[in-house]
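Engineer: Handing you a structure now.
The values are calculated or read from the model by the stated rules, or taken from the named source; none is laboratory data. No experiment lies behind these values; they were computed from the predicted model shown. Backbone-built Cβ (ideal geometry, glycine too); neighbour counts: all protein chains shown.
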Amino acid sequence: MNPKKIINAIKWKAFRYLTSSFKNKISETLRNNDDIKRILICRPNHRLENLLLLSPLIQELESTFPNSEIDLLVNQSCAIQLYQNYENVHQVIEFPKKPFKNFIKYIRTILQLRSKRYDLAINAVKESFSGRLFTKISNATFKFLGDSHKNKKQSHIAKQVIYSLREFLPTIGLKSNDVIPANLDLRLANEELINGGSLVYDIVQNAQPTICLYTHTTDTKCYTEIWWLNLYEHLKKVFPDVNIIEVFPKETVSKISFKIPVLYFTDIRELAAMIASTDVFIGADVGIMHLASSSLTPVIGLFSITDIEKYKPYNEGSIAVNTKEVKIDTLMVLVENALYPYLNTSF
């Protein structure tokens with residue numbers, strides 16, 4: 001067995017053992033929601049999708065505690081860019097991606113965390129052992145670890161913590177929301193959207209609807225070139241008057257042999273603004289799929305391995321597709337519904 005995998009397995013077993021006994025901290029009951037002034041969200045992770053999936057929770061906290069400041073505890077990442085237009089997000093505290101190679105910085109970050117006082121600390125994902133640990137060691141009056149006794153049916157990773165938090169807040173005397181949780185949202189500014197639209201128009205040079213493809217994935221989520229080329233040929237045939245463009249990753253990899261115009265990007269918000277100027281995004285369950293959701297573009301998420309109910313895109317007009325079960329003709333119907341939501345689709 002790979003020594004790295006052995007070390008990781010030992011590490012996670014240790015974390016699981018260490019954090020399994022942690023419980024929510026309830027010191028007292030409060031008078032009203034205005035008593036919560038400073039909030040910490042613990043999500044020590046650097047992956048794009050995991051950071052984007054925090055946005056419904058942040059919006060929930062903005063609504064529930066409108067006068068609060070929110071700090072995010074993450075691994076070194078693009079989190080500052082992602083939440084730059086969230087006024088309630090006060091500070092992003094970043095652990096190094098590889099703590100054992102940056103041990104001094106890691107310890108400094110822990111000391112920085114401990115030096116701050118919070119009214120409420122939240123572990124954003126209940127299965128996160130590191131999130132539980134840092135929520136536990138934070139200097140917070142109330143500590144919520146994400147556990148729930150009533151909320152067993154809600155499986156989406158972005159919604160679990162929201163419903164569990166709503167169950168927790170009344171136990172400390174606070175009022176919780178009862179509305180549907182918010183969508184993922186980057187809160188792109190008007191100037192960002194205008195710039196994104198201009199960049200897309202420079203490519204397509206017309207006002208026809210545009211389909212955006214992201215064909216690159218990694219590991220077991222990857223679809224073959226044959227699969228993507230088959231999808232592309234069907235899209236061309238069924239939608240001859242629709243633009244089809246491709247988003248390129250930094251690796252500049254195309255699974256459709258560079259047959260269509262491409263969007264290159266170096267800035268994550270600029271990419272989101274470009275996707276926002278397209279009419280439907282099609283891609284596998286990776287970070288860019290959730291970025292497309294965060295741009296409020298209808299998304300067709302392709303799933304073959306990961307848990308659909310846990311990771312599906314859920315902004316308006318978006319759907320998740322199990323590609324092992326859904327045939328290509330049915331997928332074309334779903335694309336048409338996304339492109340023309342107010343038309344009655346039939347083939």
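Engineer: Restricting to the stretch 111-131, give me the number of residues that are crowded, with 16+ Cβ neighbours inside 10 Å and farther than 24 Å from G173 by Cβ.
Structural biologist: 6
Engineer: What helices (runs of 4 or more DSSP H) completely inside the stretch 122-208 contain at least 2 residues that are within 17 Å of the chain's Cα centre (by Cα) and not assigned by TED's automatic domain parsing to the domain that holds A292?
Structural biologist: So the answer is 157-168.
Engineer: Consider I58 against the criteria (1) among the hydrophobic types (A, V, I, L, M, F, W, C); (2) over 18 Å from Q160 (Cα atoms); (3) buried (at least 17 other Cβ atoms within 10 Å of the Cβ): it satisfies all of them except one. Which criterion is unmet?
Structural biologist: Result: I58 fails condition (2) only.
Engineer: So, one more: For the stretch 64-86, state whether one or more residues are touching a Cys at 6+ places or on another chain (Cβ under 6 Å) and at pLDDT 95 or above.
Structural biologist: Yes, that holds for at least one residue.
Engineer: Any residue that is over 24 Å from V326 (Cα atoms), among the hydrophobic types (A, V, I, L, M, F, W, C) and crowded, with 17+ Cβ neighbours inside 10 Å - is there at least one of those in the stretch 204-227?
Structural biologist: Taking every residue of the stretch 204-227 in turn, at least one turns out to be over 24 Å from V326 (Cα atoms), among the hydrophobic types (A, V, I, L, M, F, W, C) and crowded, with 17+ Cβ neighbours inside 10 Å.
Engineer: Listed residues V242, V238; which is aliphatic (A, V, I, L, M), in contact (Cβ under 8 Å) with a residue 24 or more places away in the chain and closer than 14 Å to L213 by Cβ?
Structural biologist: So the residue among V242, V238 that is aliphatic (A, V, I, L, M), in contact (Cβ under 8 Å) with a residue 24 or more places away in the chain and closer than 14 Å to L213 by Cβ is V242.
Engineer: Sticking with this one: Considering only the stretch 233-262, state which residues are farther than 22 Å from L184 by Cα and among the aliphatic types (A, V, I, L, M).
Structural biologist: Within the stretch 233-262, L235, V238, V242, I244, I245, V253, I256, I260, V262 qualify.
Engineer: As an exercise: evaluate P99 against (1) without any contact (Cβ under 8 Å) to a residue 24 or more places away in the chain; (2) surrounded by fewer than 21 Cβ atoms within 10 Å (Cβ to Cβ); (3) outside any loop (DSSP other than H, G, I, E, B) and give the number of the one condition it does not meet.
Structural biologist: (3)
Engineer: Can you name every one of the helices (runs of 4 or more DSSP H) wholly within the stretch 250-347 that holds 1 or more residues which are outside the structural domain of H156 (by TED's automatic domain parsing) and more than 24 Å from N195 (Cβ to Cβ)?
Structural biologist: 308-311, 328-339
Engineer: Also, quick follow-up: Six or more apart or on different chains, Cβ atoms under 8 Å: show the pairs whose first residue is in the stretch 29-45 and assigned by TED's automatic domain parsing to the domain that holds L113 and modelled with pLDDT under 95 and whose second is of a type in the set (A, V, I, L, M) and assigned to a helix (DSSP H, G or I).
Structural biologist: T29/I172; L30/I172; N45/L51
Engineer: Where residues in the stretch 209-245 are of a type in the set (V, I, T) and over 19 Å from N337 (Cα atoms), which of them is farthest from the chain's Cα centre (by Cα)?
Structural biologist: Per the stated criteria, the residue is I226.
Engineer: Tell me whether the stretch 317-328 contains one or more residues that are within 26 Å of A189 (Cβ to Cβ), surrounded by 22 or more Cβ atoms within 10 Å (Cβ to Cβ) and touching a residue at least 40 places away in the same chain (Cβ under 8 Å).
Structural biologist: No; the residues of the stretch 317-328 include none that is within 26 Å of A189 (Cβ to Cβ), surrounded by 22 or more Cβ atoms within 10 Å (Cβ to Cβ) and touching a residue at least 40 places away in the same chain (Cβ under 8 Å).
Engineer: Please specify each residue of the stretch 165-182 satisfying the condition of being touching a strand residue (DSSP E or B) at 6+ places or on another chain (Cβ under 8 Å) and not aliphatic (A, V, I, L, M).
Structural biologist: If the condition is that a residue be touching a strand residue (DSSP E or B) at 6+ places or on another chain (Cβ under 8 Å) and not aliphatic (A, V, I, L, M), then F168 is the only one that fits.
Engineer: Being aromatic (F, W, Y) and surrounded by fewer than 18 Cβ atoms within 10 Å (Cβ to Cβ) narrows it down to one of F258, F265, so name that one.
Structural biologist: F258
Engineer: Also, quick follow-up: Suppose the filter is surrounded by 20 or more Cβ atoms within 10 Å (Cβ to Cβ), farther than 24 Å from I268 by Cβ and more than 23 Å from the chain's Cα centre (by Cα); does Y106 pass it?
Structural biologist: no
Engineer: Moving to a separate point now. For E246, state whether it is part of a strand (DSSP E or B) and at pLDDT below 95.
Structural biologist: Yes, satisfied.
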